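Written below as structure tokens is the structure these notes are about.
The values are calculated or read from the model by the stated rules, or taken from the named source; none is laboratory data. The model shown is predicted, which means the values in this text are computed figures rather than measured ones. Using ideal geometry, Cβ is built from the backbone for each residue, glycine included, and neighbour counts are taken over all protein chains shown. Areas reflect the complete protein model, heavy atoms only, side chains present, ligands, DNA and RNA absent. Shrake-Rupley method; radii C 1.70, N 1.55, O 1.52, S 1.80 Å.
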Amino acid sequence: MAIFSKSFYWLHKNLFSSWWSSFFTLLIIGFLYYIVPMAAEWFFFDASIATRSVRECYDVGFRGACWGFIPLRWKLFLFYLYPAGELWRVLLAFLLLFVALVPIFKSNFKTPGRRKKFFYFTIAYPFIAYWLIGGGLFLTPVGASQVGGFMLNIIVGVSCIAISFPLSILVALARRSRLFFLSKMTVLFVEVVRGVPLLMLIFVAATMLNYFLPTGAHYSLLFRVVIMVTMFSTVYLSEVMRGGLNALPRGQAEAASAIGLNYWQGLQLVILPQMLKACIPSIVNIFIGMFMDTTLVAVVSMYDALGAGKATMVSSDWKAAGREIIIFVAAMFFVCCFCISRFSAHLEKKLKTEHAR
């Protein structure tokens, strides 16, 4: 009886607490009753995954989604033209990413100094990942033109996040600096980059950026795109950081100075932890937006997951499976963005708990 009583109380409190609440509850239940069976039938019960073309799918009698392109072209969507014999390098780089995130997830280490070792690995991870994926020095080189699919979105997104995060803190501090030229030049940089669409910066990476880079070396299109997207995300992140710094009471810096901390110590131990804690939702929001914007690389002939989907739609076998292909690509992005969002919630909860202690 206690369970029924609690259930009735929960339903009354959350779903039927008023006439309006009851109306919208019944409206949403009716909508779900109508739409869920249709969606389930199209997605699962009347769908096919073992056919080799849309025509075969309909000839067999399926009237739902044709997912047959997934087992046939999964490598194209995930890795594009990356050599099949070298895929272990991509998977190893992906697994090492989780090792690099250990200092962020885990705060208590049993052995003193282990956290510092993990932190050094986190700093070295971008170079290790670049070596594993690109090759050279005991590994077979793989050209940037062979890197694509969803792997390309992850490479551009993770690289830009990892590089732009520390840069944005420096830009925010430089903009608040009392040094006249440093402050004004930072303002000019922020205003210029913020006033240009990301799509135009990607075009600049493809056409003009080579003229501004040191001569005598070849810079791949992927490298140039990462530079421009990083610059764009750095500017937006720096504004979030600056807002967080401005929101902190002036007394925090004065208190750090009063206990004998110099500027950099006060920044590291007092100012930045509070500022980052307050800015986590905005930072994650920019990270997710930036990850979604990595699909713009398709305009300069780079085949990311969306580009691989377009290439599949061009083939005669899957020309009529446009809806399924778009849904499949969207699902891949949703899984990644949902994980980032959950990570943000975990980080907020962790910092809140540590603060409570």
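Quick look at the numbers
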| quantity | calculated |
| --- | --- |
| Single match in Val329, Val284, Val299 (criterion: exposed (fewer than 14 other Cβ atoms within 10 Å of the Cβ), among the β-branched types (Val, Ile, Thr), modelled with pLDDT of 80 or more and in a helix (DSSP H, G or I)) | Val299 |
| Residues satisfying the stated conditions in the stretch 199-219, i.e. free of Cβ contacts under 8 Å to residues at least 12 places away in the same chain and either in a loop (DSSP other than H, G, I, E, B) or within 27 Å of the chain's Cα centre (by Cα) (or both) | Met200, Thr207, Met208, Leu213, Pro214, Thr215, Gly216, Ala217, His218, Tyr219 |
| Those residues of the stretch 176-198 which are assigned to a helix (DSSP H, G or I), more than 17 Å from Ile286 (Cβ to Cβ) and open to solvent by 40 Å² or more (accessible area, probe 1.4 Å), in sequence order | Phe180, Phe181, Leu182, Lys184, Met185, Val187, Leu188, Phe189, Glu191, Val192 |
| Condition broken by Thr140, with the remaining ones in (1) touching a residue at least 24 places away in the same chain (Cβ under 8 Å); (2) surrounded by 14 or more Cβ atoms within 10 Å (Cβ to Cβ); (3) touching a helix residue (DSSP H, G or I) at 6+ places or on another chain (Cβ under 7 Å) satisfied | (2) |
| Every residue from the stretch 207-226 that is surrounded by fewer than 18 Cβ atoms within 10 Å (Cβ to Cβ) and within 20 Å of Val142 (Cα to Cα) | Ala217, His218, Tyr219, Ser220, Phe223 |
| Inter-residue pairs, beta-carbon under 8 Å, first exposed (fewer than 12 other Cβ atoms within 10 Å of the Cβ) and in the stretch 241-269, second assigned to a helix (DSSP H, G or I), 6+ apart | Ala247/Met275; Ala247/Ala278 |
| Per-region count, the stretch 38-56, residues open to solvent by less than 80 Å² (accessible area, probe 1.4 Å) and either more than 29 Å from Leu72 (Cβ to Cβ) or hydrophobic (A, V, I, L, M, F, W, C) (or both) | 6 |
| Out of Ala162, Ala100, sole residue that is in contact with a helix residue (DSSP H, G or I) (Cβ under 8 Å, 6 or more places away or on another chain), open to solvent by less than 30 Å² (accessible area, probe 1.4 Å) and farther than 30 Å from Asp317 by Cα | Ala100 |
